[in-house]
1. Listed residues D106, D137, D48; which is free of Cβ contacts under 8 Å to residues at least 12 places away in the same chain and closer than 16 Å to I268 by Cβ?
2. Going by what's in this entry, would L140 be described as at pLDDT 95 or above, within 17 Å of the chain's Cα centre (by Cα), away from ligand 4 (no atom under 16 Å from the Cβ) and crowded, with 22+ Cβ neighbours inside 10 Å?
3. Of the residues L60, L30, L49, L39, which single one is in contact with a helix residue (DSSP H, G or I) (Cβ under 9 Å, 6 or more places away or on another chain) and closer than 14 Å to P262 by Cα?
4. Counting only residues that are of a type in the set (D, E), give me the strands (runs of 3 or more DSSP E) lying completely in the stretch 153-271 with at least 1 of them.
5. Looking at (1) polar (S, T, N, Q); (2) at pLDDT 95 or above; (3) surrounded by fewer than 18 Cβ atoms within 10 Å (Cβ to Cβ), find the lone condition where Q191 falls short.
6. Residues that are open to solvent by less than 40 Å² (accessible area, probe 1.4 Å), more than 30 Å from L140 (Cβ to Cβ) and more than 16 Å from ligand 4 (Cβ to nearest atom): does the stretch 254-269 have at least one?
7. Of all the residues that make up the stretch 143-158, how many are loosely packed, with under 14 Cβ neighbours inside 10 Å and modelled with pLDDT under 95?
8. Starting from the stretch 259-271, take each residue that is closer than 13 Å to V55 by Cβ and list its partners that are in a helix (DSSP H, G or I), counting only C-beta distances under 8 angstrom and pairs at least six apart or across chains.
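The values are calculated or read from the model by the stated rules, or taken from the named source; none is laboratory data. Keep in mind that what you see is a predicted model, and the values were worked out from it rather than measured. Glycine also receives a Cβ, built like all others from the backbone with ideal geometry; neighbour counts cover every protein chain displayed. Calculation scope for accessible area: heavy atoms of the full protein, side chains included, ligands and nucleic acids excluded. Shrake-Rupley method; radii C 1.70, N 1.55, O 1.52, S 1.80 Å.
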Amino acid sequence: AKKAGGSRFKIFDESCQQDYARQLYIESELRHVLQRRELKLFYQPQLDLKTGTVVGVEALIRWQHPEMGLVSPVEFIPIAEQMELIHGIGYWVAEEGIRQAKAWHDQGMPLRVGINLSARQFSDEMLADKLSRMLKDSALPPALLDVEITESVAMDNPEQALFMLRKLQDLGVSLALDDFGTGYSSLEYLQKFAVDYIKIDRAFVSNLITNPADQGIVRAVLGIAESLGSRVIAEGVETEAELQLLSSLGCDEIQGYLIGRPMPASEIPAVIAQYTHN
Ligand code: C2E
Ligand code: CA
Ligand code: CA
Ligand code: CA
């Protein structure tokens, strides 16, 4: 029994060592991502259910590494946060997202472009000033920039978070509360934050058709959003049946593989055209 336990430990230890080696490798490689231009933004379309047109996109970061291939943001963003590299990466995302939004705007496609902000970036006192400067330099109408935050921004320091949110609202950008329902959803903060969009997490959309409990949650979120004057975007919509149900419940917008996967900016005009009705 002792022997078996020993080898079990060894297997665990080896895979643990491999994980640790990869983590260390990612840490050392992450330091150079900006300078080596290995980051890229993909865009996922958002469909307005009332008009049936594409009104926005969410920018999702991709890391194309020469050895590791495509590294998921789920893996490298938490490491970038620990290493405080998230600030530089986050500003790159903002700059690139704004540049792309302005390019589409100038081509007659005024799409709202959503960027994801880490909670860590909220502790950066310069955040609002830097975004303000980028918006002015780009001449993008600020409302076309949508800033996605999660409830975790309020965890460490709710007062400071509220102060930062007000500063962002003053810039004229729109605010979206991401992954709604998965964190600490205090109704009090929801009311104080007064976000333009509430994004229902994929977890509640995946089993919407078969699970009455999830339907109940979605109805409740739509009711709360209505009373707060926020619009609702449902994430992770993969089937026509989900679209129909969300539409009948009064959901404003959907995002998911049904409409399109995250894709290079160059492929977005074709999706817009596909959903243009004459
Ligand atoms: P998120 O903000 O919740 O983004 C939505 C994720 O769901 C994306 O994963 C997207 O590809 C995926 N998704 C969208 N539609 C569907 C669908 O119909 N079915 C399924 N199964 N999945 C769908 P992705 O691109 O891997 O991003 C993962 C997370 O990484 C994001 O979750 C976000 O938290 C983070 N992230 C991505 N880009 C950035 C960024 O620029 N900055 C920061 N701080 N975080 C980012
Ligand atoms: Ca998001
Ligand atoms: Ca989300
Ligand atoms: Ca998520």
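1. None of the others qualify; the one that does is D106.
2. Against the criterion (at pLDDT 95 or above, within 17 Å of the chain's Cα centre (by Cα), away from ligand 4 (no atom under 16 Å from the Cβ) and crowded, with 22+ Cβ neighbours inside 10 Å), L140 does not qualify.
3. Answer to the check: L60.
4. The strands (runs of 3 or more DSSP E) meeting that bar are 174-180, 253-255.
5. For Q191, the failing item is (2).
6. Among the residues of the stretch 254-269, not one is open to solvent by less than 40 Å² (accessible area, probe 1.4 Å), more than 30 Å from L140 (Cβ to Cβ) and more than 16 Å from ligand 4 (Cβ to nearest atom), which makes the answer no.
7. Going through the stretch 143-158 one residue at a time, the tally reaches 3.
8. I259/V271; I268/W104
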